[in-house]
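The values are calculated or read from the model by the stated rules, or taken from the named source; none is laboratory data. As the structure is a prediction and not an experimental result, all values here were calculated from the model. Note: ideal-geometry Cβ built from the backbone for every residue, glycine included; neighbour counts use all protein chains shown.
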Amino acid sequence: MNISGIQPFTEQLLNNLEKVIVGKRQSLELTVIGLLCQGHILIEDVPGVGKTILARSLAKSLGCTFKRIQFTPDMLPSDVTGVSMFNQITREFEFRPGPVMAQIVLADEINRATPKTQSALLEAMEEHQTTVDGTTHSLPKPFMVLATQNPIEYEGTFPLPEAQLDRFLMRVRLGYPGLNEEIRVLELQQLKHPIEDIDAVITIEELREAQEAIKTVHVSGLVKRYVVEMVRKTREHADVYLGCSPRGSLGLFRAGQVKAAMSNRDYVLPDDIKAIANNVLAHRLVLNAGARLRNLSSDKVAQEIIGSVPVPTGDFSRGTAR
């Protein structure tokens with residue numbers, strides 16, 4: 001697949017997802033960007049807006065294996081990764097894979113698990129493998145984690161550590177539907193749930209080709225500098241205790257390539273970077289005590305940082321930007 005094939009590829013996938021998720025085009029686009037970047041998505045929103053259905057719909061649209069992990073405080077790391085069990089017949093240990101050994105994994109209410117259990121996902125999300133009893137097991141390809149958390153109810157939850165948050169490419173919110181959209185939801189689900197009728201519209205092979213194709217999108221030197229300057233500003237801002245890591249720079253760089261390809265361009269514009277920067281950077285920021293006392297949100301601080309970085313101009317397709 002070449003760059004010109006990315007736009008029809010994503011349109012086909014988005015149209016299929018919209019049969020189930022009504023009126024959330026922007027959130028769906030961000031999810032597809034995460035998929036093509038081979039990244040992971042943190043969906044932060046209130047209950048009942050379609051977080052779980054989004055993950056299931058994505059898996060069905062791709063024909064991928066799907067597993068759902070319902071995180072609870074009493075869950076153990078082995079409940080996620082799997083366990084080695086002794087077979088009395090063969091007199092050998094056998095690996096029983098956990099739910100993380102799937103192509104699309106829904107980590108539901110991830111912040112309800114203890115930090116020890118949350119950390120079971122760290123190796124899987126970064127290295128696409130998991131180690132149990134000293135043996136390393138490769139995860140299937142593609143592999144994507146969609147984790148959900150409720151931003152309102154904090155009782156019985158454990159905040160995600162910075163190392164965990166940094167492994168999510170983006171934070172996405174769905175939000176409540178509008179009036180007409182909610183009426184449409186009622187109509188679609190009057191007789192049965194629309195997810196029962198959607199089929200796979202993209203093959204895994206096509207997905208892999210698309211994931212490789214977006215890496216060839218041209219990024220001029222000035223756009224790369226724009227990305228890095230934006231990330232470096234997060235480390236220097238007065239309200240930020242801990243800014244974004246180089247993984248944030250790479251995530252923004254790769255997401256910009258996908259954003260450009262979805263617009264049927266083989267080069268990245270600063271506008272592509274600016275459009276997705278908040279989703280890529282905000283959840284990585286750790287604000288200092290003074291900012292928290294003033295009730296500042298990481299989204300607001302990130303938006304301020306994004307607006308403060310000068311936008312380069314020029315012809316980015318030929319690398320003559322100035």
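Points to keep in mind about this one:
- Every residue from the stretch 41-60 that is crowded, with 22+ Cβ neighbours inside 10 Å, out of contact with any Phe, Trp or Tyr (no Cβ under 9 Å at 6 or more places or on another chain) and modelled with pLDDT of 90 or more: ILE43, LEU54, SER57
- Restricting attention to the stretch 37-62, the residues being farther than 17 Å from ALA282 by Cβ and more than 10 Å from the chain's Cα centre (by Cα) number 17.
- Selection of the stretch 171-210 for residues being surrounded by fewer than 13 Cβ atoms within 10 Å (Cβ to Cβ), closer than 28 Å to PRO140 by Cα and touching a Gly at 6+ places or on another chain (Cβ under 9 Å) yields ASP199, THR203.
- Residue in the stretch 249-298 that is surrounded by the fewest Cβ atoms within 10 Å (Cβ to Cβ), counting only those that are within 14 Å of HIS218 (Cα to Cα) and among the hydroxyl-bearing types (Ser, Thr, Tyr): SER263
- Just one of the listed residues (ASP272, ASP299) is touching a residue at least 12 places away in the same chain (Cβ under 8 Å) and either in contact with a Lys or Arg (Cβ under 7 Å, 6 or more places away or on another chain) or among the aromatic types (Phe, Trp, Tyr) (or both), namely ASP272.
- As a summary of the residue check, PRO177 satisfies the conditions (1) of a type outside the set (D, E, K, R); (2) within 18 Å of PRO47 (Cβ to Cβ); (3) not in a loop (DSSP other than H, G, I, E, B) except for the one numbered (3).
- Qualifying residue in the stretch 201-216 (condition: in contact (Cβ under 8 Å) with a residue 24 or more places away in the chain and over 22 Å from the mean Cα position of the chain (by Cα)): no
- GLY23 in a loop (DSSP other than H, G, I, E, B), touching a Pro at 6+ places or on another chain (Cβ under 7 Å) and either at pLDDT below 90 or β-branched (Val, Ile, Thr) (or both): yes
- Within the stretch 111-130, the residues that satisfy the criterion of being loosely packed, with under 15 Cβ neighbours inside 10 Å and either in contact (Cβ under 8 Å) with a residue 24 or more places away in the chain or out of contact with any Asp or Glu (no Cβ under 9 Å at 6 or more places or on another chain) (or both) are PRO115, LYS116, GLU126, GLU127, HIS128.
- Looking at ASN288, ASN279, just one residue is of a type in the set (S, T, N, Q), in contact with an Asp or Glu (Cβ under 7 Å, 6 or more places away or on another chain), touching a residue at least 12 places away in the same chain (Cβ under 8 Å) and at negative phi, and that residue is ASN288.
- Condition check for ALA238 on (1) buried (at least 23 other Cβ atoms within 10 Å of the Cβ); (2) assigned to a loop (DSSP other than H, G, I, E, B): one failure, at (1).
- Residues that are in a loop (DSSP other than H, G, I, E, B), closer than 23 Å to ARG173 by Cα and of a type in the set (Val, Ile, Thr) within the stretch 53-77 comprise just one, THR72.
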